[in-house]
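The values are calculated or read from the model by the stated rules, or taken from the named source; none is laboratory data. All values reported here derive from a predicted model rather than from experimental measurement. In this analysis, Cβ positions are derived from the backbone assuming ideal geometry, glycine residues included, and neighbour counts consider all displayed protein chains. These accessible areas exclude ligands, DNA and RNA; they are computed on the full protein's heavy atoms, side chains included. Shrake-Rupley method; radii C 1.70, N 1.55, O 1.52, S 1.80 Å.
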Amino acid sequence: MAIQFSTTVANAMLDQIETTISTSPVLEIRTGSAPADCSQADTGTLLASLTLPSDWMAAASGGSKAKSGTWQDTSADNSGTAAHYRLKASGGTVHSQGTVTATGGGGDLTLDNTNISAGQSVTITSWTWSIAV
């Protein structure tokens, strides 16, 4: 059986993640495979770097926490195929990483198009973290 939490505990855990990472983190979209864990150096080519809003996630509800505000890089850094992301505190510490796929591809973060061209606008339209309740 998978571990489950009460909705109250799940919401508190999710809200604490945002508190720990703090305000205005940076979401990087990169090519290739993610490093083995968050403590490892960046891998792949940086395609897009998005400085997230100060209050970047909505308050957790029902065991889920969704993005808040506009998450956009108006001019991608390089061209390539998006394959993973790294979420960094404003000081550079990596706190989360995961896969990037096209919408419907099952990635941890999905884009409408993973083929990014230098100079194009990259917008994250949805992002939700969930904990089983």
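Residues that are out of contact with any Gly (no Cβ under 7 Å at 6 or more places or on another chain) and assigned to a strand (DSSP E or B) within the range 83-95 comprise R86, L87, K88, V94, H95, listed in sequence order. Within the set V94, V100, V133, V122, the sole residue that is over 18 Å from T20 (Cβ atoms), under 12 Å from the mean Cα position of the chain (by Cα) and among the β-branched types (V, I, T) turns out to be V100.
Counting just the residues of the range 1-33 that are touching a Phe, Trp or Tyr at 6+ places or on another chain (Cβ under 8 Å) and under 21 Å from A102 (Cα atoms), which one comes out surrounded by the fewest Cβ atoms within 10 Å (Cβ to Cβ)?
It comes out as E28.
Taken over the range 96-122, the criterion of being assigned to a strand (DSSP E or B), open to solvent by 50 Å² or more (accessible area, probe 1.4 Å) and farther than 11 Å from I29 by Cα is satisfied by N115 alone. Criterion applied to I29, I21 was being closer than 26 Å to V9 by Cα and modelled with pLDDT of 95 or more, and the one residue passing it is I21. Each residue in the range 72-82 was checked for being aliphatic (A, V, I, L, M) and not in a loop (DSSP other than H, G, I, E, B), and 0 of them qualify. Would you confirm, using the coordinates I've provided, whether L50 is over 30 Å from Q4 (Cβ atoms) and among the hydrophobic types (A, V, I, L, M, F, W, C)? Against the criterion (over 30 Å from Q4 (Cβ atoms) and among the hydrophobic types (A, V, I, L, M, F, W, C)), L50 qualifies. Within the range 23-71, restricting attention to residues that are in a strand (DSSP E or B) and not hydrophobic (A, V, I, L, M, F, W, C), the residue that is farthest from T125 (Cα to Cα) is S61. Right, W56: open to solvent by less than 60 Å² (accessible area, probe 1.4 Å), out of contact with any helix residue (DSSP H, G or I) (no Cβ under 8 Å at 6 or more places or on another chain) and hydrophobic (A, V, I, L, M, F, W, C) or not? Against the criterion (open to solvent by less than 60 Å² (accessible area, probe 1.4 Å), out of contact with any helix residue (DSSP H, G or I) (no Cβ under 8 Å at 6 or more places or on another chain) and hydrophobic (A, V, I, L, M, F, W, C)), W56 does not qualify.
Consider the range 63-91 and keep the residues that are surrounded by 18 or more Cβ atoms within 10 Å (Cβ to Cβ) and among the hydrophobic types (A, V, I, L, M, F, W, C). The one that is nearest to the chain's Cα centre (by Cα) is L87. All conditions in (1) under 18 Å from M57 (Cα atoms); (2) touching an Asp or Glu at 6+ places or on another chain (Cβ under 8 Å); (3) modelled with pLDDT of 90 or more hold for V100, with the sole exception of (1).
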